[in-house]
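No lab work stands behind these numbers, since they all come straight from the coordinates. Only a predicted model underlies this, so the values are computations on that prediction, with no experimental measurement involved. No Cβ is skipped: glycine too gets one built from the backbone with ideal geometry, and neighbour counts run over all protein chains shown.
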Amino acid sequence: MFRSASLGRAIFAGTCFHLAGSLASAQSQPPVKDSSARDSVTSLLGLKITADRDTRSTLTKLTLPVTASVTAQRVQETINLMDTQDAVKYLPSVFIRKRNNGDTQSVMGTRVWGVSSSARSLIFADGVPLSALIANNNTIGGPRWGLVAPETIERVDMMYGPFSAAYAGNSMGAVMEITTRSPEKLEGSLTQTQTVMPFDLYATRQTYGTSQTSARVGNRFGKLTVSVSGNYQDSKSQPLTYVTSATFPTGTTGGFPATNKLNAPANVLGATGLLHTQMLNATGRVAYDITPSVRAAYTYGFWQNDADAATDTYLQRAGAPTYAGQSGFASGTYGLLQQHTSQSLSIRSDTKRDWDFEVVGTAYNMDIDRQRFSSSAATTGLTLGNAGRVAVLSGTGWQTADAKAAWHRGGALASHTVSFGAHVDRYTLVNPTFNTTDWTASNPVTTTVASRGDGKTQTSALWAQDSWRITPTVRLTVGGRYEQWKGYDGLNVNGSTTVVQRTVDAARFSPKGTLVWTPSDWQLSASVGKAYRFATAAELYQLVTTGATFTSPDPTLKPDNVLATELRVERAFGKSRVQLSLFNDDVHDAIISQFKPLVAGSNTFFSYLSNVDHVRARGAELVLSERDVLIPGLELSGSATYLDARTLATSGRASATAPANAAIGKRLPNIPDWRAHFVATYRPVSRLAISAGGRYSGALPTTLDNADVNPNVYQGFSAWFVADAHVNYRISDHLNASLGADNLLNRTYFLFHPFPQRTFSSSLKVSF
């Protein structure tokens with residue numbers, strides 16, 4: 001581990017050196033009236049309301065044209081917070097696919113892209129990427145949320161759409177920037193959080209819970225700022241997967257008759273993936289003020305996950321429980337060990353005068369990452385064979401470097417801002433799966449290679465942007481981004497077959513433009529942006545098995561090609577604010593996962609990637625908020641998003657048997673047509689906040705030809721509505737308590753996996 005970490009430091013240093021002399025930067029922030037006004041307001045569900053001061057640097061504000069925000073105070077008052085990703089679950093059009101506490105696969109869906117699109121949005125913390133652009137899936141593509149302790153969040157800001165040249169085409173869904181707390185004096189906190197979830201589905205009836213201890217401490221010593229944060233989580237989840245079969249094993253009883261999403265027989269034989277997770281993350285940050293306006297910072301993050309998944313068979317033979325030889329019980333019983341490290345080095349200015357700059361280098365290393373599981377289950381009894389496999393990601397990682405600069409004519413409130421920058425990244429995928437004679441060992445001895453998927457991607461980019469306030473109420477921003485990309489060193493092994501993949505490359509230019517008109521209490525904006533989302537290393541090279549689903553890569557994929565437009569109008573009147581957005585994404589060569597049975601009539605599935613010729617996603621988003629509704633202290637806010645996303649042209653097959661035209665006019669997979677959130681918060685006194693929230697999503701297809709006509713089953717994607725409740729009481733200036741419940745109405749629903757049922761939570765926080 002120390003050897004891997006040292007290598008990461010060397011790569012990190014080389015990456016920083018490579019761009020040490022480069023500059024980069026930012027897009028002007030369209031103001032409500034002017035930029036100074038935005039420092040005293042923030043937004044809840046996309047609407048600006050009086051709240052905590054905007055703590056972002058001048059350069060970050062210029063880079064990220066915010067359309068939705070949430071502050072730490074708001075999170076504490078309204079959200080049952082366990083993991084960092086919980087903080088954004090009520091933002092407009094946002095969906096976080098969190099299956100369980102501590103979920104390492106919590107990908108973010110946005111208004112035009114749903115699940116299985118982790119690489120179609122960008123997530124940062126203090127300018128450091130949390131997005132894992134090694135993949136575009138729900139497995140290793142999940143953002144590295146664990147690198148940010150929930151207690152350190154100061155605010156979260158969102159930009160929807162690829163309208164800033166400062167960001168890669170992966171921003172076609174959204175850009176999220178998390179700003180963490182920087183101490184100005186000795187301060188810290190200790191938080192204990194507990195959850196309890198009674199779960200009842202099929203024959204699995206059990207209570208699962210999570211315990212998390214979080215701590216944070218920091219201080220300023222003159223020009224030096226030091227902070228350390230971390231948390232330890234011990235969690236037990238509901239079943240994440242089930243063993244299904246078209247028929248019941250001969251001579252067995254138990255099990256539940258059922259169908260799959262295609263309405264074919266898929267009888268439920270037992271539950272698997274009952275995950276016991278012990279997770280630790282720790283982050284240390286040192287910052288030094290070189291001058292009053294220039295700061296250098298180094299951050300080191302360590303994350304460890306030690307997990308074991310158990311099974312619960314429903315089958316019996318001769319009155320005794322049995323696995324009946326079903327392979328799903330073997331693959332659903334596994335051990336997982338992960339140790340990852342992250343490093344970043346940054347130098348930033350915040351002069352609020354003519355020039356500002358930023359240089360950030362990062363390195364992320366999967367020092368240890370392996371999953372071990374059995375390859376056979378006994379035909380009688382509950383024995384799993386010792387022979388198995390070990391899937392390894394150790395050695396996978398990435399390095400990024402960004403340099404940014406902005407010139408403001410007349411300072412930070414300038415009428416004219418020119419910004420420019422450079423970016424480089426490299427993503428390395430190392431993913432062999434080995435055979436082993438004893439998968440039960442904590443560090444199994446491996447023998448032969450069962451499969452392998454290795455490869456690299458690299459991107460270099462230059463960009464520039466010019467923002468000009470033509471009149472006191474009109475601002476025009478135009479810019480462009482040039483990117484060079486390549487995929488190389490690809491290697492695939494499947495059994496005795498080895499294929500060395502050829503190098504692929506592409507170069508693209510993406511123009512952007514935004515016009516903002518701000519008369520009085522109104523703001524009207526029109527944005528257009530071209531963007532290209534290049535294939536990830538996993539899409540090109542990774543062979544994946546998830547339960548009974550096998551995923552095959554494609555090293556010839558062309559990049560997503562999107563032309564995005566948006567019209568947005570906002571108005572504030574009294575204590576109310578409304579925002580309406582009309583948007584349209586026209587996409588060519590969209591990289592979309594398709595799905596079919598591995599063998600006709602089988603419940604084992606094959607997932608493959610292909611470029612779909614032409615798709616379109618258009619819709620509307622409405623966001624509302626009002627303070628002091630009927631009575632003082634009552635605040636209501638909410639959002640609703642409608643999306644019409646269709647396949648317009650495809651030259652490939654829509655499924656195993658259907659012709660290409662079977663997908664024409666059908667809804668795009670993995671995206672709901674409706675999504676809505678609301679939050680009501682009542683503050684009868686200053687120390688007490690009582691909140692009720694709701695989240696809704698329509699059902700969604702998972703196949704191009706929309707053949708999954710039965711969504712309310714395991715592996716389907718149900719329509720769902722969950723209601724949440726939260727009570728927060730500030731006992732004193734140094735002691736805070738909260739109680740709450742998610743999914744208060746105990747809705748049972750599936751998003752491929754069965755999602756959590758009613759979950760109670762409590763938290764006690766001591767701070768100084």
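The order of SER442, SER235, going from fewest to most other C-beta atoms within 10 Å of their C-beta, is SER442, SER235. Given R0 = 30 Å, the distance between the Cβ atoms of ASP673 and TYR298 translates into a calculated FRET efficiency of 0.05.
Charge tally for ASP585 (other residues, Cβ to Cβ under 9 Å; Lys, Arg +1; Asp, Glu -1): +1.
The angle between the Cα long axis of helix 2-18 and the main principal axis of the chain comes to about 40°, on a 0 to 90 degree scale. Modelled label positions at ILE731 and LYS486, each set 7 Å beyond Cα in the direction of Cβ, lie 6.1 nm from each other. A simple spin-label model places pseudo-atoms 7 Å from Cα toward Cβ; at SER496 and THR379 they are separated by 2.7 nm. Think of each Lys and Arg Cβ as +1 and each Asp and Glu Cβ as -1; about the Cα centre, that makes the dipole of the chain roughly 520 debye. For the chain, the relative contact order works out to 12 percent when only alpha carbon pairs closer than 8 Å and six or more residues apart are counted.
Divide by every residue of the chain the summed helix terms, -39500 (n - 2.57) for each DSSP H run of at least 4, and state the resulting mean residue ellipticity at 222 nm, rounded to the nearest 500 deg cm²/dmol. So the calculated ellipticity at 222 nm is -1500 deg cm²/dmol. Candidate cross-link partners of LYS512 among the aspartates and glutamates, defined by an alpha-carbon separation under 16 Å and a same-chain spacing of 8 or more, comprise ASP466, GLU483, GLU566, ASP585, ASP586.
Packing around the peptides 390-403, 240-253, taken as the average count of other Cβ atoms within 10 Å per residue, puts them in this order, highest first: 390-403, 240-253. Extension gain for PHE256-THR291 works out to 5.8 nm (0.36 nm per residue, less the C-alpha to C-alpha distance).
Let a ≥ b ≥ c be the square roots of the eigenvalues of the Cα gyration tensor of the stretch 268-368; is it rounded (a/c under 1.5), or, if not, prolate (a/b larger than b/c) or oblate? Since a/c reaches 1.5 and a/b is larger than b/c, the shape of the stretch 268-368 is classed as prolate. Work from the charge dipole of the chain (Cβ charges, +1 for Lys and Arg, -1 for Asp and Glu, about the Cα centre) and give the residue of GLY716, ALA617, GLY388 farthest towards its positive end. Result: ALA617. In this rough spin-label picture, where each label sits 7 Å from Cα along the Cβ direction, the THR748-LEU476 distance is 6.0 nm. Backbone geometry of the stretch 624-635 corresponds, through the Karplus equation with coefficients 6.51, -1.76 and 1.60 at θ = phi - 60°, to 3J(HN,Hα) couplings of 9, 8, 8, 9, 6, 7, 6, 10, x, x, 9, 10 Hz, x marking Gly and Pro.
Considering only TRP485, PRO65, GLY301, and ranking their Cα positions along the charge dipole of the chain that arises from unit charges at the beta-carbon of Lys, Arg, Asp and Glu, the one farthest toward the positive end is PRO65. The stretch between THR556 and TYR232 holds 112.4 nm of extra length on full extension. This uses 0.36 nm per residue minus the Cα-Cα distance.
In order along the stretch 227-242, phi translates into HN-Hα couplings of 8, 9, 9, x, 8, 10, 10, 10, 9, 10, 9, 5, x, 9, 9, 10 Hz, rounded to whole numbers, per the Karplus curve 6.51 cos²θ - 1.76 cosθ + 1.60 with θ = phi - 60° and x for Gly and Pro.
Which label marks the calculated value of Kirkwood radius over Cα pairs in Å, given the options [x] 26.7; [y] 28.5; [z] 27.6? Correct label, based on the coordinates given: [x].
In terms of its C-alpha gyration tensor, the stretch 119-185 has an oblate overall shape, because the principal axis ratio a/c (a ≥ b ≥ c, square roots of the eigenvalues) is not below 1.5 and a/b does not outweigh b/c. Of the cross-linked pairs LYS530/LYS558; LYS456/LYS486; LYS261/LYS558, those separated by over 20 Å at the C-alpha level are LYS261/LYS558. Protection proxy ranking, highest mean first, for peptides 140-149, 551-560: 140-149, 551-560, where packing is the per-residue count of other beta-carbon atoms within 10 Å, averaged.
Between ALA174, VAL474, ALA378, the Cα set farthest toward the positive side of the dipole of the chain (charges on each charged residue's Cβ, about the Cα centre) is that of VAL474. Can you give me the C-alpha center-to-center distance between the stretch 460-533 and the stretch 259-314, rounded to a whole angstrom? Taking the Cα centre of the stretch 259-314 as reference, the centre of the stretch 460-533 is 29 Å away.
Applied to the stretch 198-203, the Karplus parametrisation 6.51 cos²θ - 1.76 cosθ + 1.60 on θ = phi - 60° returns per-residue 3J(HN,Hα) values of x, 10, 8, 8, 6, 9 Hz, with x for Gly and Pro. Here's how it looks for THR333: its modeled amide H is under 5 Å from those of SER374, which are all 5 or more places away or on a different chain.
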